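A.B. asks: Have a look at this one.
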Amino acid sequence: MAGRKSYGQIWSAAVFLILEIAAILMLTGTGTLQDIWISRASHRTHALLWGTGERIRNYFTLDEQNRALADKNMELMKAVQTLGQQALSFKNGHLYDSATVKFRMIPATIVKVSRNSQHNYIVLNKGSEDGVKPQTGIVTTNGVVGMVNTVGKHYSYGITLMNTRMSVSARIGPTGMVAPLEWDGKSTDGAVMRGLPLHHEIAPGDTVWTSGFSSVFPSDIPIGITQKSKLVDGSTVEVAVRLFQDFSALRYVIITENLDRDSIAEIEKEALK
Amino acid sequence: MRSRFVISFIAMIAIQVMLGGLINLSQYLVICILPVMIMCLPITFGTGRVLLVAFVASLVVDFFTDGALGLTAVALLPVAFTRNALIRLVFGSELLSRREDISIHKQGAGKVLLAILLATTLYFLVFVPVDCAGTRPLSFIALRILLSVAVSTALSYYVAGVLSPREADRWS
């Protein structure tokens, strides 16, 4: 009985659809205004359906596109590094020597990252087989992320800038003061620079860059923007920095390895003897 | 009974043709009694049969008036398709189970008027926007729907009086 009823309903719906379509076809054939209106509505519906389909397709290829963008970012970063070295050589009256480009870069994807403790860490999908070594930097085009500590075959473990044990040598402005930059311990995009001398005036809104003095991170990577500064113990200034890289939105990073690190370490050891 | 209904139905179609083709009161007002005619078709008619009657009646009206052929059908077919649902909503499912036709005397003026109002509103909600075809502002469309529903419902009530059975006769 129920099956007969539902069959009747399907039959009625089919008759309704057929007759309604016939009426619409007749209407578009005789009414010019209605013809234009219905065609326009039909085009709009097609556009909406195609647009939605395209958006869904794009959504599912986002991961691939992000990887491509991360690779492209790394290439651009390399190019910036090269151009920076070229400009420096030109300024110093030397010819550019490609050997002065000292950093090797390896793109990596974050496997795991912690953000909820005072000692946050990061795990990357590249290890010793990919050429990653301990004590190498982790950066993005938006700034410093952290430093690799331990390297496995296929993965590497590091501490992030959101770790109270980590500090980065940073410079305010292109030729300004250099001081260590540390996480503020509170937010995912906040840091502080401590120990700045009193005589140096710090304006809010100045860009903070990597100094390049640490042999872990390349120089001149923009890190963030200075905020409010305050006097500490009447002797030094502490300035708050808003980081460009929000740690809550991290996915792709670049591992930077200073190719001259061993030579630098060697010369330091010699000097200490 | 049956011949009386058929003659009344054909007469109502002729009246609708005159209302549509000869009387043009205002651009804000369209008078249509077709929804009530569909509602007053015998309950024994299945939805498919009601749809066919609505389609043919609409084409006849469109053919003899200035309207574009198919315009009335586009608006009347949804009324025909939802007729049973409207009846169930207003009169309850007993009317359908008893296979009793809509009657002002049996179901009462209030319920019949409500059913006519719903059917007429549904008709004009489709008819007016399709007739205007995006050339008129929303305020015009809304006013036209309101006026047309009000006048057509009032007129349809008298049509229901003519078409509905005076006794508990059944379509046989």
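A.B. asks: Could you give the angle, 0 to 90 degrees to the nearest 10, between helix A:261-272's Cα long axis and the longest principal axis of the Cα atoms of chain A?
C.D. replies: Between the helix axis and the principal axis of chain A, the angle is about 20 degrees.
A.B. asks: If R0 is 35 Å, what FRET efficiency do you get for residue A:79 and residue A:194 from their C-beta distance, rounded to 0.05?
C.D. replies: Plugging the Cβ-Cβ distance into 1/(1 + (r/R0)^6) gives 0.55.
A.B. asks: Further question on the same structure: For every helix of n ≥ 4 consecutive DSSP H residues, a contribution of -39,500 (n - 2.57) applies; sum these over chain B, divide by its total residues, and give [θ] at 222 nm rounded to the nearest 500 deg cm²/dmol.
C.D. replies: Working: 9 runs with 124 residues, N = 172.
Rounded to the nearest 500, it is -23000 deg cm²/dmol.
A.B. asks: Could you tally up the Lys pairs in the range A:106-272 with alpha carbons closer than 17 Å? Skip any pair fewer than 8 positions apart unless they're on separate chains.
C.D. replies: Numbers: A:112/A:126; A:112/A:153; A:126/A:153; A:133/A:153; A:186/A:228.
The result is 5.
A.B. asks: I would also like to ask the following. Report the calculated FRET efficiency for residue A:30 and residue B:150 (r = Cβ-Cβ distance, R0 = 30 Å), to the nearest 0.05. Write down the numbers at each step before the final one.
C.D. replies: On the way: r = 29 Å, r/R0 = 0.97.
So the FRET efficiency works out to roughly 0.55.
A.B. asks: List the residues of the range B:35-50 whose backbone N lies under 19 Å from a point placed 7 Å from the Cα of residue B:15 along the Cα-to-Cβ direction.
C.D. replies: Correct set: B:35-42.
A.B. asks: While we're looking at this one, here's another question. Give me the Kirkwood hydrodynamic radius of the range B:2-163, using the inverse of the mean 1/r over all pairs of distinct Cα atoms, in Å to one decimal. Please list the in-between numbers first.
C.D. replies: Working: mean 1/r = 0.0633 Å⁻¹.
Mean inverse Cα-Cα distance, inverted, gives 15.8 Å.
A.B. asks: What 222 nm value per residue comes from the helices of chain A, counting each DSSP H run with n ≥ 4 as -39,500 (n - 2.57) and dividing by all residues, nearest 500 deg cm²/dmol?
C.D. replies: Numbers: 4 runs with 100 residues, N = 273.
Roughly -13000 deg cm²/dmol at 222 nm, from the helical runs in chain A.
A.B. asks: Moving to a separate point now. Measure off 7 Å from each Cα along the Cα-to-Cβ vector at residue A:109 and residue B:142, then give the distance between these two points in nanometres to one decimal.
C.D. replies: Going by the 7 Å Cα→Cβ label model, 5.3 nm.
A.B. asks: Full extension from residue A:259 to residue A:227: what is 0.36 nm times the residue separation minus their Cα-Cα distance, to one decimal in nm?
C.D. replies: Extending this stretch completely gives an extra 8.1 nm.
A.B. asks: Whole number please: convex hull volume per residue of the Cα set in the protein assembly as shown, in Å³?
C.D. replies: Values: hull volume 130.3 nm³, N = 445.
Cα-based convex hull of the protein assembly as shown, divided per residue, equals 293 Å³.
A.B. asks: A further question on this structure: Under a plain spin-label model, where a point goes 7 Å from the Cα along Cα-to-Cβ, how far apart in nm are residue A:213 and residue B:88?
C.D. replies: So the two model labels end up 8.2 nm from each other.
A.B. asks: Could you give the dipole magnitude of chain A about its Cα centre, charging the beta-carbon of Lys and Arg +1 and that of Asp and Glu -1, in debye to the nearest 20? Present the calculation step by step, with values, prior to reporting the outcome.
C.D. replies: Working: 28 positive and 25 negative charges, 163 e Å.
Dipole size: approximately 780 debye.
A.B. asks: Given springs between every Cα pair under 10 Å in a Gaussian network model of chain A, which of A:262, A:206, A:184 has the largest fluctuation?
C.D. replies: A:262
A.B. asks: Next question. Filter the trypsin sites (Lys or Arg not before Pro) in the range A:178-249 to those in DSSP coil with at most 13 other Cβ atoms within 10 Å of their Cβ, and list the result.
C.D. replies: Loop-located and lightly packed - A:186.
A.B. asks: Still on this structure: I'd like to know which of A:252, A:106, A:116 lies farthest towards the positive end of the charge dipole of the range A:106-272, counting +1 on Cβ of Lys and Arg and -1 on Cβ of Asp and Glu.
C.D. replies: A:116
A.B. asks: I would also like to ask the following. Return, ordered by residue number, the residues of the range A:176-204 whose backbone nitrogen is under 14 Å from a label point located 7 Å along Cα→Cβ of residue A:235.
C.D. replies: Output list for this probe position: A:195-198.
A.B. asks: Could you compute the FRET efficiency for residue B:126 and residue A:186, with r as their C-beta to C-beta distance and R0 at 60 Å, rounded to 0.05?
C.D. replies: Working: r = 60 Å, r/R0 = 1.00.
The pair residue B:126/residue A:186 has a calculated efficiency of 0.50.
Every number in this text was worked out from the coordinates using simple rules, so none of it is lab data. Computed from a predicted model, the values in this text were never measured in an experiment. FYI the Cβ positions are ideal-geometry reconstructions off the backbone, even for glycines, and counts take in every protein chain you see.
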